[in-house]
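> Here it is: the structure, laid out below.
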Amino acid sequence: MQDHRELVILILQKRLEKAKTRLSSVLDDNTREALTLALLRRTLKVCRQVKEATHIMLCAPGSLQYLADQFGAELATGGDEGMRRDICACAHQVWSQYQAALLIVSSDLPLMQVEDIEQITAAWRGGAEVVIAPDRRQRGTNVMLVNNPEHFEYAFGEVLGPGSFHTHKRRAQELGLTVTIIYNPHLALDLDLPADLAAFFREAPDDPLAQFCRSRADDVFRFE
């Protein structure tokens, strides 16, 4: 039976110049950096409003300390050694410092709202020890809550094989953990590929960020 301890939200961000490189065919460097920062701000703003979160941790380069300060987050310096290594280090810190559950949220979910994250925490409060929200291709993991974060083997960044979503699900089941999968379209859309950007334009055509990117995108719809 799980105990409902404190909850830490972890957001990861690599160096801006290395972010969103798979969009380089449709967005130039300056636009990708602006998009990355705008998405990160949105993510921090949403997570700041999640009432059950006792702490927010931003794992990112030290140059983003100002954003952590702006949104009341703790900065864990990272972004250079790969997502999996950063998550493992942060999971250890969260467990040793707070004995808390860990909610990992991707920083590039343009449709995400507070109620979407609360759907994840509700499943946890309902007894799930691991809650996973996959991407729209059901390969990657966009949001994940782990009740005992230090003792879980994370697969973020897995690009070969079945993808991190199926690997996370299998590993949780092998450990005998109660798993809940959340198929939420707001959490499923991340902006990794030109086709994702086109989907964002369709789903939220009036969103200022979508309009900003569309005005600078080069033939994005040919990638649908």
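What follows is calculated from the coordinates using simple rules that are stated; it is not laboratory data. A quick note: this is a predicted structure, and the numbers were derived from the prediction, not measured. Note that each Cβ is placed from the backbone with ideal geometry, even for glycine, and that neighbours are counted across all protein chains shown.
> Collect residues whose amide H, placed 1.01 Å from N in the peptide plane, falls under 5 Å from the amide H of Ala217; neighbours closer than 5 in sequence don't count.
none
> Okay, moving on. Taking the alpha-carbon distance from Lys18 and a cut-off under 29 Å, which lysines remain once sequence neighbours fewer than 8 residues away in the same chain are dropped?
Lys45, Lys169
> May I pose another question? How large is the helix-only mean residue ellipticity at 222 nm for the chain, computed as the sum of -39500 (n - 2.57) over DSSP H runs with n ≥ 4, divided by its residue count, in deg cm²/dmol to the nearest 500?
So the calculated ellipticity at 222 nm is -12000 deg cm²/dmol.
> Grab every C-alpha pair in segment 7-218, bin the distances at 5 angstrom width from 0 up to the longest one, and report whole percents.
Per 5 Å bin, starting at 0, the Cα pair percentages come out as 1, 7, 16, 20, 22, 18, 10, 4, 1, 0.
> Helix 29-48 versus the longest principal axis of the chain: what is the Cα-based angle in degrees, 0 to 90, to the nearest 10?
Between the helix axis and the principal axis of the chain, the angle is about 40 degrees.
> If amide H atoms are built 1.01 Å from N in the plane of the peptide, which residues on other chains or at least 5 residues away come under 5 Å of the amide H of Leu75?
HN-HN under 5 Å from Leu75: Leu58.
> Taking every DSSP beta bridge with both residues inside the chain, roughly what % is antiparallel (nearest 5)?
35
> On to the next question. Report the charge-dipole magnitude of the chain in Debye, nearest 20, computed about the Cα centre from +1 at each Lys and Arg Cβ and -1 at each Asp and Glu Cβ.
Dipole magnitude for the chain comes out near 160 debye.
> Another one. Can you list the HN-Hα couplings for segment 97-112, worked out from phi with the Karplus curve (6.51, -1.76, 1.60; θ = phi - 60°), rounded to whole Hz and with x for Gly and Pro?
3J(HN,Hα) across segment 97-112, in whole Hz: 8, 10, 6, 10, 6, 10, 10, 9, 10, 5, 8, 10, 10, x, 9, 5.
> Residue by residue through segment 200-216, which ³J(HN,Hα) values in whole Hz follow from phi under the Karplus form 6.51 cos²θ - 1.76 cosθ + 1.60 (θ = phi - 60°), with glycine and proline marked x?
Listing the rounded values in order: 4, 4, 5, 6, 9, x, 8, 5, x, 5, 4, 5, 4, 5, 5, 5, 10 Hz.
> Which of the peptides 103-116, 122-135 is most tightly packed, and how do the rest follow, judged by the mean count of other Cβ atoms within 10 Å per residue?
103-116, 122-135
> Relative contact order (percent) for the chain, with alpha-carbon contacts under 8 angstrom and 6 or more residues of separation?
Value for the chain: 23 percent.
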